[in-house]
Amino acid sequence: MAPSTTRYYLGFNLISGVGPARLARLIAHCGSVDAAWNADALDLAMAGLDSRSSAALLSTRPQIDLDAELERAERAGVTLLTVEDAAYPALLRAAPGAPPLIYVRGTLGPADDWAVAVVGTRSPTSYGREVAHRLSHDLAQSGVTVVSGLAIGVDSVAHAAALEAGGRTVAVLGSGVDLPYPERNRGLAERIIAHGALVSDYPLGTRPVATNFPPRNRLISGLSLGTLVVEAGERSGALITVEFALEQGREVFAVPGHIFSRQSAGTHQLLRNGAALVACADDILENLNLTAAAVQHEARAELPTDPAEIALIEILSYEPQHVDLIGRTAGMSSAQVMAAMAMLELKGLVRQSGPMEYVRRH
């Protein structure tokens, strides 16, 4: 069952003119999302909403049956995740302007904390297709989730290669998750649902119109630690994803191409502007410190059963603590603490915040 606040986030997502920034101001003013949903005209004005947005909210709100919309999502096999949910992707939550609500078909989980976006032209050369396949396959085989946009060309190759490697992949749509686009990729979309997820912040039933695709690229980069551009022309949509990645403080990678190829003009410009040159998956893994991602995934799936690990988890907080203090509290030697911390770090339950200092991971 969806949390009680989900219904209100869903309602706001169905009203035009109330984006993440305006909704955040409204919630801050009203104290909660449910109070924001029921706000009157005065509260809307005091929260800084302009007259047009306020009018849209006040006129549309009575027409929305929140229970019916929740049931519609459930019937479609869609999970609704809000920024208040623990399961909301941590990387996306950290991105500026994160969507308050996302629609998910499939699953998102801790394994997707290690994710790289692979994007590029819809008309790749044979070289570009081979590069996209090789790099996406190797990234997925190393335990990295491949994120892309389900478009024909580089996107499709990246998703298919990740699946072929037995890995995970996430497709971000410029439509509702119940209407994957393009139609020729419906079969690929079903395979992605089984081994990853379709994700969108557009309401169910949203058609794939051209204006939807540039904004959705912020989710592609937002779900990823870095964005890799395989082939892109000077005006490629992939470069929009790069702009979002840079705004979000994420890494940008580019593959060099043939100097006479129009499909590589954009990637060469990225390289001139400082993007990291990529010739193999290890270049990305090393840059993002993901060389041990596969080992971390395997260990992370195991909850601590060792009494020492359990005791240390109980002691740790989100404030850094030195191993000597942790050891005294737990009645353990520093060597015992360090050994247990190494395993907990592999399982993704703690992290080192400084020399000999540890904190509990969120």
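A short reminder: the numbers here are calculations on the coordinates, not readings from a lab. Just so it is clear, the model here is predicted, and its values are computed rather than measured. Every residue, glycine among them, receives a Cβ derived from its backbone with ideal geometry; neighbour counts consider all protein chains shown.
For Arg207 and Ala194, calculate 0.36 nm times their separation in residues minus their Cα-Cα distance, and state this gained length in nm to one decimal. Show your work: numbers first, answer last.
On the way: separation 13, 0.36 × 13 = 4.68 nm, distance 2.30 nm.
Between Arg207 and Ala194, full extension yields 2.4 nm more.
Report the charge-dipole magnitude of segment 110-292 in Debye, nearest 20, computed about the Cα centre from +1 at each Lys and Arg Cβ and -1 at each Asp and Glu Cβ. Let's see the in-between values first.
Working: 14 positive and 18 negative charges, 108 e Å.
Its charge dipole is roughly 520 debye.
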List the extent of the Cα atoms of segment 144-302 along each of their three principal axes, largest first, rounded to whole Å. 44, 41, 27
Quick one: the Cα spread of segment 1-68 along its three principal axes, in angstroms, biggest first? 34, 23, 18
Shape parameters for segment 302-360, alpha-carbon atoms, Rg then Dmax in Å: 9.9, 26
If amide H atoms are built 1.01 Å from N in the plane of the peptide, which residues on other chains or at least 5 residues away come under 5 Å of the amide H of Ala115? Thr145, Leu225
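Which value results when the Cα radius of gyration for the chain is divided by 2.2 N^0.38 Å? Show your work: numbers first, answer last.
Working: Rg = 22.3 Å, N = 362, 2.2 N^0.38 = 20.6 Å.
My calculation over the Cα atoms of the chain gives 1.08.
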Quote the FRET efficiency, to the nearest 0.05, computed for Ala279 versus Glu247 with a Förster distance R0 of 25 Å and r equal to the Cβ-Cβ distance. 0.40
Using modelled backbone amide H atoms (1.01 Å from N, in-plane), which distant-in-sequence or interchain residues come within less than 5 Å of Val252's amide H? Thr227, Ala276
Distance (nanometres) between label positions extended 7 Å along Cα→Cβ at Arg184 and Leu66: 4.3 nm
